[in-house]
């Protein structure tokens, strides 16, 4: 038990909070590279 | 005053408030096709967050989540596995989809396939598959709504009239206000849902066990196998968990209604920031699990586990509070149902009828046909909900199995020019055909393997 929760509950709930942090980092990277598109435009261009 | 009258009054007030907001949202705006389907692509971060949350956190949050925690135990954790992952997927997929949508004025998922693969027949087929799998999801919302209102009103109103009344209201505000009406009803729905989940999810363990820690300790003593895989089931083990988490993570944003919601954002950056903050909303899910797990000890032997949360609220709190939760539950069905009805009607009118049957249709005629189709789809979903009764989660997984097949066509289509229309067509057709045949599930596994192999051969 961690913080009153079984480990599997604790682990998954922890990732509900950690995921936004990781994605915020990814967002910052995306914003920084916004002027340098790296994506091939598929067939829609 | 009779408890059922008090509860029913609260449900009625909340549903009426939601209806008023829904109808009012569309006034003073010219409701052309673009405004009706994608809100003129002007939704900011807050409205997109509420709209997306309105579609993600549905009756499943109130019923299926606590219901699975009650009746199945450990396997319910698949919900906490897929939710953060699906937002990561949305972070990378929705912004480029939005960019393509703005560039080509797309309004539906099938529009995306038409522009990317340059085939109106593929687009019509994608629209057809989308509609076929929206119906069970819509049925799920209807059945959930009926169950919630029936229990929350102490049986004063039966589930069938509850479903009919609510869906007449939904069809009404979808017709008058389109996606903008749904988005504004989400404001009330999300406030009530967040309050309900946090209050009930924390209060129930404290009232009966003195806290979350003692509740789990009591559960481990009474049912040591309930919290580990496969919980109270025999077949939902780790392989099921992994495959389901993967399927739902990649398939979730392939529901056609999420494309419409994405196109309503005013920028791709709005969608990125939305993906970053959406996982916070998922904190409501473990709180619902706590209620379901508490119910396994407090109310063992319920015939319908999906109602465990409402049974606990009914046992623990006064009638007015049950009515409040019931009203919130009704809105959690009405909001996603509104978007689904809107999406299915648009797919039918814009991507099936116009390109295939009547190529000369104007946007006004498409809008008129889509609005007529809203009524047809509402009646079809009502009939299927009234005359069939599978469990909520099984209905949901049928739908995911269907729309998940769009994932390769969307993602590979965004990032590579090598993907072709026949490949995508064959993929969706051959892999989703089994889901479309009602008798498929009753075939022996060996026979299904033989049929699949025959279909897959060149």
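General observations
- Once the Cα atoms are used to define both axes, helix B:406-415 deviates from the longest principal axis of chain B by about 60 degrees.
- Residue exposure proxy: B:353, B:105, ordered by other Cβ atoms within 10 angstrom of their Cβ from fewest to most, comes out as B:105, B:353.
- Note: chain B, Cα convex hull, 136 Å³ per residue.
- Bins of 20 Å, starting at 0 and running to the largest distance - Cα pair percent for the protein assembly as shown: 23, 57, 19, 0
- For the pair residue B:17 and residue B:191, label points projected 7 Å from Cα toward Cβ lie 0.6 nm apart.
- Placing R0 at 35 angstrom, the Cβ-Cβ distance between residue A:11 and residue B:128 gives a FRET efficiency of 0.30 after rounding to 0.05.
- Contact order relative to length of chain B, as percent, for alpha carbon pairs under 8 angstrom and 6 or more apart: 35
- Cα gyration tensor shape of region B:305-374, rounded if a/c is under 1.5, else prolate or oblate by comparing a/b with b/c: prolate
- Here the sum of -39500 (n - 2.57) over DSSP H runs of 4 or more residues, divided by the residues of the protein assembly as shown, equals -25000 deg cm²/dmol at 222 nm, to the nearest 500.
- Put in line by how crowded their Cβ is, counting other Cβ atoms within 10 Å and starting with the fewest, B:288, B:147, B:421, B:309 read B:421, B:147, B:288, B:309.
- Estimated at 0.36 nm per residue, the fully extended path between residue B:297 and residue B:168 surpasses their Cα-Cα distance by 42.6 nm.
- Segment residue B:430..residue B:383, full-extension length gain: 14.0 nm, with 0.36 nm per residue of separation and the alpha-carbon distance subtracted.
- FRET E, pair residue B:24, residue B:217, Förster distance 56 Å, beta-carbon r, rounded to 0.05: 0.70
- Take each residue of peptide B:82-93, count the partner chain Cβ atoms within 10 Å of its Cβ, and average: the result is 3.
- Difference of contour (0.36 nm per residue) and Cα-Cα distance, residue B:420 to residue B:104: 111.8 nm
- Degrees, to the nearest 10: B:212-222 long Cα axis against longest axis of chain B: 80
- Inter-probe distance in nm under a simple model that places probes 7 Å from Cα toward Cβ, at residue A:2 and residue B:207: 3.1
- Against chain B, whose longest principal axis comes from its Cα atoms, helix B:319-346 is set at around 10 degrees.
Rule-based calculations on the coordinates, nothing more; no lab input. All figures in this text were calculated on a predicted structure; none of them were measured in a lab. All Cβ positions, glycine included, derive from the backbone under ideal geometry; neighbour counts span all protein chains shown.
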